[in-house]
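Written out below as structure tokens is the structure these notes cover.
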Amino acid sequence: MVKHQPLQVYERQLCLSCLTGIYGCRWKRYQRSHDNSTKWECLWFIILFLTFILLLCWAFFWWSARNDYSEFNWLLYNRSGDWTDSTVAIVTTTAASFTYVAFLMILALCHIAVGQQLNLFWLHKTLVTAALLSTIAGLIYINRLWGDEWNTIVISLQSMGPFLHIGALAAITMLAWLVAGQVIHVERTSKCACTSFTLLLLGYLGAILCLYLAPLAITAPCLMDSDHLSPRPAVIGRRGAPTLAPENTFLSFTKALQQKVSGLEADVTISLDGVPFLMRDHSLRRTTDVDRLFPKRQFDGASSFSWAELSTLNAGQWFLRDDPFWIVQYMTPKERAQVANQSVCRLEEMLQLAVESNCSVLFHLRRPPLGHPRHVSWVNDTLQVVLRSGTPQKRVMWTPDWDREVVRQVASGFQQTSEEKLSTEALQDQGILQVYLRYNQVTRSDLREFSANNLSVTLYTVNEPWLYSALWCSGVSSVSSDAPHVLRNVPYPVWLMSPGEYCLIWILSDLISFAIIIGIFIFQKWRMSGVRSYNPEQIMLSAAVRRSSQDVSLMKEKLIFSGIYEDRLSFCTSHQGDLLLWSHACHVRVSLLTCALFSLIHF
């Protein structure tokens, strides 16, 4: 007599197939498993998680450093001698890697949520390893080349602290569904439930508690009452408006004045015959066509050229060729013609613009090398040009430390400015009224100390609205910017919130998060309380009653041949002997094979 079990119906699960297929290349039902993940795969999950965290920090660093992309490209130019916008490749690669690893991380968490065994495909393992190693190499390289930029992360964390806190709180609240499922599963199935339950639950509760109390350590500068907001910081055009026109050219300073800047900043170099002109780089290769007119001298210092030679160079065509700020495509033909006709600008020309617009001037002097005819008189040459230009002395921010006392005697009205971070006592002893520093070199306490001693602070280079807003709330008096047209569109801080308002948001967010987490744990407990066993194949018994034959795929789950084998074995033993026994055994094997093939076809 044949013994068999009833037909069973498999429910199609497209989402589960995609989940296990993309993550582990397990597209077939029989390839799935609800067994516990192996230690090897658990290790790969840890590696994936660490790669995700590392890439998250790496991506956040480059988001914070967006303010200084031009500076990074300039550092690379000084090392390689070729100008390229390397930030495009870095940011694109970082975004692609982070998106890919984050997607795999989500798939892994979904595997855990539905109880599927982790089994990362070998191709994913290779790519994750490549992403991890390349990110570590990038961190080491940036730390050596651009180590000062790490402070920008601290500033951005302080500036965006309240919003990052709410985002992290939302993320860890959503993880409650996964944690609750795992805790309840461990409690029901594991013999060592007590230890696993305690460790998992305590770890999650510890993270939740840290996030709930994180606002106690958040000191965002814009968490203040609007009544205490200082006046809007003045904006100085650093090398004019280099994102709109070639830097340190007459057109660049004109563009900056059109953006209502309060001052102009430039880099001054002395020519071979004593004419101060504006040039940032040591050589002329990047911003002029010196390689075309003086090919044998293209690597020589800019101060080794006479003014007659400098005046023949074009200082605008490189801007159209390299397009360092991706704006050439938006220029009109007239604007491109203006850019293409720019020449090297003298200091006297910039000063005339400053006088006409009644704005301040700030310049940095580069001393000519030893053996240069103006190696000794470089400060006096510049000073005489400033005095002859008719620029009001109170509008001049004088930065060179060389012969500062002599300059103070000749031009007592100059605003003596220091480019070094000194103590307030040292600055007052030297008669310095202003400090000019990079924005990540000062803290809020430093700013309060400078303000208490009547010292004005100018910070560079500030191009992003969020950074400008943070410095505004910190009480900075002025900033130097490559993008004055961007800061002009920031009439008020990007965000400003009183401590009372944030305290209310903080408490409400914590209460809502706590209520949601408790609700998730209760619901998960109720949902899993009636589940006594878990069928890994999601077999739906009696599904044929609910579905038509056209909507389901039928498969014979089991066919027990014990009855057939016993009856026929008895018959063979009593009548036909060993030969018939062998024949019936073969028949049984054929029947088994046929049934297996039938099952595979319908599977």
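The values are calculated or read from the model by the stated rules, or taken from the named source; none is laboratory data. Small disclaimer: the values here were computed from a predicted structure and weren't measured. For neighbour counting, all protein chains shown are included, and Cβ atoms are generated from backbone atoms with ideal geometry for every residue, glycine included. Note: areas computed on protein heavy atoms with side chains; ligands, DNA, RNA excluded. Shrake-Rupley method; radii C 1.70, N 1.55, O 1.52, S 1.80 Å.
Here are a few things to note about the model shown:
- Any hit, region 163-181, residues being farther than 27 Å from Thr38 by Cβ, outside any helix (DSSP H, G or I) and modelled with pLDDT under 95: no
- Test result for Ala241, within 30 Å of Phe521 (Cα to Cα) and under 28 Å from the mean Cα position of the chain (by Cα): no
- The set of residues in region 25-72 being part of a helix (DSSP H, G or I) and basic (Lys, Arg) consists of Arg29, Lys39, Arg66.
Okay, residues lined up against (1) charged (D, E, K, R); (2) at positive phi; (3) within 28 Å of the chain's Cα centre (by Cα); (4) modelled with pLDDT of 90 or more:
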| position | (1), (2), (3), (4) |
| --- | --- |
| Arg438 | yes, no, yes, yes |
| Ser481 | no, no, yes, yes |
| Asp510 | yes, no, yes, yes |
| Ile516 | no, no, no, yes |
| Gly530 | no, no, no, no |
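- Any hit, region 128-137, residues being of a type in the set (A, V, I, L, M, F, W, C), surrounded by 15 or more Cβ atoms within 10 Å (Cβ to Cβ) and closer than 24 Å to Gln31 by Cα: yes
- Scanning region 324-374 for residues that are among the hydroxyl-bearing types (Ser, Thr, Tyr) and surrounded by 14 or more Cβ atoms within 10 Å (Cβ to Cβ) yields Ser343, Ser357, Ser360.
- Qualifying residue in region 79-98 (condition: over 25 Å from Ser33 (Cβ atoms), at pLDDT below 90, assigned to a helix (DSSP H, G or I) and open to solvent by 60 Å² or more (accessible area, probe 1.4 Å)): yes
- In region 55-73, the residues that are basic (Lys, Arg) reach residues that are crowded, with 19+ Cβ neighbours inside 10 Å and outside any helix (DSSP H, G or I) with C-beta atoms within less than 9 angstrom, at least six apart or across chains, in these pairs: Arg66/Asn463; Arg66/Glu464.
- Options Asn151, Asn119; residue that is open to solvent by 50 Å² or more (accessible area, probe 1.4 Å), touching a residue at least 40 places away in the same chain (Cβ under 8 Å) and assigned to a helix (DSSP H, G or I): Asn151
- Taking every residue in region 76-91 that is under 17 Å from Asp281 (Cβ atoms) and pairing it with any residue that is open to solvent by 60 Å² or more (accessible area, probe 1.4 Å) and polar (S, T, N, Q), at least 6 positions away or on another chain, the pairs with Cβ-Cβ distances below 9 Å are Leu76/Thr84; Tyr77/Thr84.
- When restricted to residues that are in contact (Cβ under 8 Å) with a residue 24 or more places away in the chain, open to solvent by 30 Å² or more (accessible area, probe 1.4 Å) and not charged (D, E, K, R), region 232-259 contains 6.
- Look at (1) at pLDDT 90 or above; (2) in contact with a helix residue (DSSP H, G or I) (Cβ under 6 Å, 6 or more places away or on another chain) and you find that Ile218 fails only one, number (1).
- Subset of region 276-316 (residues that are among the aliphatic types (A, V, I, L, M) and open to solvent by 20 Å² or more (accessible area, probe 1.4 Å)): Leu293, Ala308
- Checklist (1) in a loop (DSSP other than H, G, I, E, B); (2) modelled with pLDDT of 95 or more; (3) not small (Gly, Ala, Ser) applied to Thr269, failing item: (1)
- In region 495-524, the residues that are over 20 Å from Ile172 (Cα atoms) and of a type outside the set (Asp, Glu) form Cβ pairs under 7 Å with partners that are open to solvent by 60 Å² or more (accessible area, probe 1.4 Å) and not in a helix (DSSP H, G or I), at six or more places apart or across chains, as follows: Ser498/Asp225.
- The set of residues in region 442-469 being within 21 Å of Gly237 (Cβ to Cβ) and in a helix (DSSP H, G or I) consists of Pro465, Trp466, Leu467, Tyr468, Ser469.
- Residue list for region 437-490, restricted to those being touching a residue at least 60 places away in the same chain (Cβ under 8 Å), open to solvent by 30 Å² or more (accessible area, probe 1.4 Å) and touching a helix residue (DSSP H, G or I) at 6+ places or on another chain (Cβ under 6 Å): Arg444, Glu464, Gly475
- Selection within region 260-275: residues that are farther than 16 Å from Tyr460 by Cα and among the aliphatic types (A, V, I, L, M). The member of this set that is most open to solvent (accessible area, probe 1.4 Å) is Leu272.
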